[in-house]
Structures are given as structure tokens and as C-alpha cells.
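Peer 1: Input: one structure, supplied below.
Every read-out reported here was derived from the displayed coordinates using simple, explicitly stated rules and does not represent laboratory data. All of these numbers come straight from a predicted model, not from anything done at the bench. All Cβ positions, even for glycine, are placed from backbone atoms using ideal geometry, and neighbour counts span all protein chains on display.
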Amino acid sequence: MKHDLIRTGDADSFRQIEDPNGEVVLSYCRRCRMGEGELEKECGGEFEMELRQLINKHSKENESDTPDYILAGYLLNCLDAFTRATQRRDDYKY
Ligand SMILES: [Zn+2]
């Protein structure tokens with residue numbers, strides 16, 4: 001999924017990503033709520049954003065000293081790997 005970036009004039013733009021003239025100068029995805037420096041990877045959408053919030057809410061990044069977005073990405077990759085493995089298993093069976 002591609003990021004859905006907020007543009008100048010969008011109703012959901014906000015001061016922290018705008019310059020004093022109201023022009024959007026920092027990239028920010030309205031879907032996953034990732035900003036500058038975090039947008040190289042594919043957009044994980046609302047689910048990834050909620051997963052990051054859940055990790056933060058329960059301070060799960062503290063145990064491994066790993067940022068929430070890395071942990072959320074890891075968990076999403078685990079789900080993808082499981083899906084691929086079960087598909088391969090089903091292909092093998094039939
Ligand atoms: Zn995004």
C-alpha cells in the first residue's frame with residue numbers, strides 16, 4: 001500500500017508539518033501516521049498505526065529497547081510469513 005500524504009490545503013493538515021505560511025513542508029501519511037524519515041517502507045495503514053499505539057500503551061518497546069515502528073513492522077512481517085507458509089502448505093496438500 002502506498003502512503004497517502006497530506007498536501008497543502010488538505011482539511012486534515014496540521015501546524016507541525018506546515019511552514020508559517022501554511023504550506024505543507026514535511027511528509028506525513030494520514031493513513032499510518034508516519035512522518036519524515038519513516039516513509040521509506042510501504043504503508044502499513046491504520047492497522048500498523050494502531051499496533052504501534054498498542055505497543056506504546058503497554059510500553060512493549062522497553063524490554064528490547066526497540067522503537068514501536070520496528071516492532072510493529074516485525075509483527076506484520078510475522079503475519080505475512082505465516083500467511084505465505086499456510087498457502088504453501090495448502091498448495092502442497094492439493
Ligand atoms: Zn502510510
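Peer 1: If you scan segment 1-16, which residues turn out to be of a type in the set (D, E, K, R) and within 16 Å of the ligand (Cβ to nearest atom)?
Peer 2: Once the filter is applied, which keeps residues that are of a type in the set (D, E, K, R) and within 16 Å of the ligand (Cβ to nearest atom), segment 1-16 yields K2, D4, R7, D10, D12.
Peer 1: If you go through segment 17-31 one residue at a time, do you hit one that is within 14 Å of the ligand (Cβ to nearest atom), part of a loop (DSSP other than H, G, I, E, B), basic (K, R) and under 27 Å from N77 (Cβ atoms)?
Peer 2: Yes; the residues of segment 17-31 include at least one that is within 14 Å of the ligand (Cβ to nearest atom), part of a loop (DSSP other than H, G, I, E, B), basic (K, R) and under 27 Å from N77 (Cβ atoms).
Peer 1: I'd like the residue in segment 1-53 that is among the small types (G, A, S) and more than 11 Å from the chain's Cα centre (by Cα) and, out of all such residues, is surrounded by the most Cβ atoms within 10 Å (Cβ to Cβ).
Peer 2: S13
Peer 1: Right, next: Quick check on my filter: what residues within segment 41-74 are outside any helix (DSSP H, G or I), free of Cβ contacts under 8 Å to residues at least 40 places away in the same chain and within 11 Å of the ligand (Cβ to nearest atom)?
Peer 2: K41 - this is the single residue of segment 41-74 that is outside any helix (DSSP H, G or I), free of Cβ contacts under 8 Å to residues at least 40 places away in the same chain and within 11 Å of the ligand (Cβ to nearest atom).
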